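K.L.:
Starting off with a structure, shown below.
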Amino acid sequence: MIVTSDKLIKAMHRKGYDLFENDSKPFNLNIIGVRSSDMTPDKFNDTISVIWKWNGNWNIYTSPATTDAGLYYLNNPLNIDGTFILAEGQHKGMWKRGKHRGYPALQQNSPVRGYRDGDKDNRYDLDESNIVEGMFGINGHRAKDEGHSTVVGRWSAGCQVWQYDDDHEVVMELVNRAVPYWGNSFTYTLLNESDLD
């Protein structure tokens, strides 16, 4: 999947989502996940991009990630109603600079919408009749604390997870730089790969 700032901007406009383009101050961040059309569980086959405009030009930082829970939690849901899978769309003010298991990460800050997949059949079921909304601890964080993980496994029970710890550190540095200018609230938009066509 090839992700460019141009493709993301066009997709955001087509979907009618807010795009933060004001560059009167630096680091007006747009955090955008793209869910792969390959829905095979346990793969880091999605992307999370951070794009921001500065001096009239768009900057982009894209990383391999997962936007879906790992196979372990697909078969062993933490919630009786099933594993949480974040719904596509724009989740305004979803995150704040905070912590995940004690280390700096993006922490859920407002209610989000998603699917509950409770049939434990080794595949993701994005069934509109199972949409829920609330505070479920859907954070943005890394997998391993050093290096990377080749499978999602237990790294995500619904969180948005960067495959490489270095990528997560870069994103958190961008977040740290953004907070003094724009405040501690970050919107997250989740697109489908097909939205980039």
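K.L.:
Using θ = phi - 60° and the Karplus form 6.51 cos²θ - 1.76 cosθ + 1.60, what ³J(HN,Hα) does each residue of the stretch 46-51 get, whole Hz, x for Gly and Pro?
P.N.:
Result, rounded to whole Hz: 9, 9, 10, 10, 10, 10.
K.L.:
Which order do the peptides 161-173, 127-139 come out in when sorted by mean C-beta neighbours inside 10 angstrom, highest first? Working shown, then result.
P.N.:
Values: 161-173: 19.8, 127-139: 13.7.
Order by mean packing, descending: 161-173, 127-139.
K.L.:
Residue-wise, which Karplus ³J(HN,Hα) couplings in Hz belong to the stretch 174-182, taking 6.51 cos²θ - 1.76 cosθ + 1.60, θ = phi - 60°, and x for glycine or proline?
P.N.:
Couplings: 4, 4, 4, 6, 6, 3, x, 8, 10 Hz.
K.L.:
Restricting things to Cα coordinates, could you compute the convex hull volume per residue of the chain in Å³?
P.N.:
In the chain, the Cα hull volume divided by residue count equals 109 Å³.
K.L.:
Can you give the calculated 222 nm mean residue ellipticity of the chain, where each DSSP H run of n ≥ 4 adds -39,500 (n - 2.57) and the sum is split over every residue, rounded to the nearest 500 deg cm²/dmol?
P.N.:
-5500 deg cm²/dmol
K.L.:
Check cross-link reach from LYS144 to the lysines: straight Cα distance under 26 Å, and skip same-chain residues fewer than eight apart.
P.N.:
Filter leaves LYS43, LYS96, LYS99, LYS120.
K.L.:
Against the longest alpha carbon principal axis of the chain, how many degrees, from 0 to 90 and to the nearest 10, is the axis of helix 5-15 turned?
P.N.:
Roughly 70 degrees, rounded to the nearest 10.
K.L.:
Considering only THR189, TYR103, GLY89, whose Cα is most displaced toward the positive end of the charge dipole of the chain, charges sitting on Cβ of Lys, Arg (+1) and Asp, Glu (-1)?
P.N.:
Value: TYR103.
K.L.:
Using a Förster radius of 41 Å, what is the FRET efficiency between VAL179 and MET1 based on their Cβ-Cβ separation? Nearest 0.05, please.
P.N.:
E(calc), rounded to 0.05, equals 0.85.
Read-outs: derived from the displayed coordinates by stated rules, not from any lab. All figures in this text were calculated on a predicted structure; none of them were measured in a lab. A quick note on method: Cβ atoms are made from the backbone with ideal geometry, for glycine too, and the neighbour counts reach across all protein chains shown.
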